[in-house]
Amino acid sequence: MDAHKKDLVDLTCRLVNIDTTVPPGLNYPRISQVLASELKDLGVTPTVSLIPEASMRLKVSPEVGLKGPRPNTYATLKGEGEGPWVLLNGHVDVVPADPSGWSHDPFEPVVKNGKVYGRGAADVKGSNACEIFSMKALVETGAKFRGRITPTFTTDEEVGGYSGVNYLVDKHVITKDVDYCLSTDSGIEALHVASLGDAEYLITVHGRAAHSGRGWTGVNAIEFGASLIEDLKKLGEEISKRRSRINAEPGWGIKKMKPGLYVNTAKGGLKGNIIPDTFEILVDRRFIPEESEAQVRREIARVVKEFAAKHREVKVSMKMLLGYDPMLTSPNHPLVRTVRRVARKVLGRDTPSCGSQGSTDMAAVSALGIPIAVLGATRQDSNIHGIDEHVRINDLVSVTKILAHTFLELL
Ligand SMILES: [Zn+2]
């Protein structure tokens, strides 16, 4: 593996160099082509699966702002004889990067001081390269294994999209028959066995527009909406006292996974002299594995209903924009124990199992009852989603080794 370090960095850079910002989901066919050709080099036949536009329209709100084709790329590497089925996953999309804060163009990767800098270097293109090289390690060394490994590179993870992992589940590419799932969409400091659910709700307050000079003839949606925000904030304070039984990831000041409710955007008003007739409030609800989307939606709907009953002048509507369920694998599952044991050998330290405060499309795999362990090359200081995002080259090598050895332990 150490001999392939340069190629591993090279592939990471080539992937970062393709701007796959979502929304809208740029250059997906290009990155899919690169990954398919890497898979072909392993001697397997890649499949590129496109979600039909009609299903997109049905499953994804237009407010999310997705555009263009959404190819998912996968293949199956077969061992000798019957054995377990391992699913590998990484997403190909990245969050937007505002170049003004960066030391260089976010999509022109820079290798410096043992790190690769660029949008997506850590989240999660470096780890996608690790997946390719972990399989290359098996193929090139002729290591014997049973069963099969199915690498999947999917779209729209960063927007809670349907078109990636969820689509492959609905298409039966990913089925209950998968024995173990390894995702690389996280860090090397801990092993994630759980993640928060995430649901975004758009609440719209409808008033009536009027000339400000005769302001009393209108109904000011912003002023009413502000008091609805206060009610939501109160609910948020109550929610923030809850805790999961799953340990939280280290380094963020909480011992157990913690839910939250946040008003993250508020939009309204057209002009200084018009009483605004609509006000949109976007609520981001992060929920622990012990809560369900239906339950959290009911909670918010109750606050909205009570508000509407108190303020009959306005009409209030609520719509869910996107969502992930929580993911959960028992910290004692044999898969988790195996990955931790292998990681300890490679890293010389423990990777404690814990729950991520992030949310992931792996929830759709978790819902099939498949155990999942999430370990990738990110660190707390990688600044994912931020400026000068980077990944350490040594971590890329370690993750590749951990994956390859885990395959051999499981298969
Ligand atoms: Zn990610």
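The values are calculated or read from the model by the stated rules, or taken from the named source; none is laboratory data. As the structure is a prediction and not an experimental result, all values here were calculated from the model. Positions of Cβ are generated from backbone atoms using ideal geometry, with glycine treated the same way; all protein chains shown enter the neighbour counts. Only protein heavy atoms, including side chains, enter the accessible area calculation; ligands, DNA and RNA are left aside. Shrake-Rupley method; radii C 1.70, N 1.55, O 1.52, S 1.80 Å.
Among the candidates Pro46, Pro29, the residue that is away from the ligand (no atom under 16 Å from the Cβ), modelled with pLDDT of 95 or more and touching a helix residue (DSSP H, G or I) at 6+ places or on another chain (Cβ under 8 Å) is uniquely Pro46.
When residues in segment 300-326 are screened for being crowded, with 16+ Cβ neighbours inside 10 Å and modelled with pLDDT of 95 or more, 10 of them pass.
What tally of residues in segment 208-225 results from selecting those that are surrounded by 12 or more Cβ atoms within 10 Å (Cβ to Cβ) and without any contact (Cβ under 8 Å) to a residue 40 or more places away in the chain? So the answer is 1. In summary, helices (runs of 4 or more DSSP H) completely within segment 324-411 and bearing 2 or more residues that are closer than 25 Å to Val139 by Cα and touching a Gly at 6+ places or on another chain (Cβ under 9 Å) occur at 393-410.
Residues are listed down the side, and each one gets a yes or a no for (1) more than 21 Å from Ile174 (Cβ to Cβ); (2) of a type in the set (Val, Ile, Thr); (3) open to solvent by less than 70 Å² (accessible area, probe 1.4 Å):
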residue: Leu8; (1), (2), (3): yes, no, yes
residue: Val16; (1), (2), (3): yes, yes, yes
residue: Ser32; (1), (2), (3): no, no, yes
residue: Leu35; (1), (2), (3): no, no, yes
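For segment 43-67, name all the residues that are under 20 Å from Lys125 (Cβ atoms) and crowded, with 19+ Cβ neighbours inside 10 Å. Selection gives Pro46, Leu66.
In segment 347-364, the count of residues that are at pLDDT below 95, within 16 Å of the ligand (Cβ to nearest atom), surrounded by fewer than 16 Cβ atoms within 10 Å (Cβ to Cβ) and assigned by TED's automatic domain parsing to the domain that holds Val159 is zero. Going by the structure shown, is Pro84 away from the ligand (no atom under 14 Å from the Cβ) and under 19 Å from Val34 (Cβ atoms)? Against the criterion (away from the ligand (no atom under 14 Å from the Cβ) and under 19 Å from Val34 (Cβ atoms)), Pro84 does not qualify.
Residues in segment 164-187: is at least one among the small types (Gly, Ala, Ser), more than 15 Å from Ala364 (Cα to Cα) and either within 16 Å of the ligand (Cβ to nearest atom) or modelled with pLDDT of 95 or more (or both)? There is at least one residue in segment 164-187 that is among the small types (Gly, Ala, Ser), more than 15 Å from Ala364 (Cα to Cα) and either within 16 Å of the ligand (Cβ to nearest atom) or modelled with pLDDT of 95 or more (or both). Mind listing just one residue for me: the one in segment 249-264 that is part of a strand (DSSP E or B) and open to solvent by 60 Å² or more (accessible area, probe 1.4 Å) and, of those, farthest from Pro352 (Cα to Cα)? Only one residue tops the list, namely Asn264. Only helices (runs of 4 or more DSSP H) whose full extent lies in segment 1-114 are considered here, and the ones with at least 2 residues that are charged (D, E, K, R) and in contact (Cβ under 8 Å) with a residue 12 or more places away in the chain are 5-16, 28-41.
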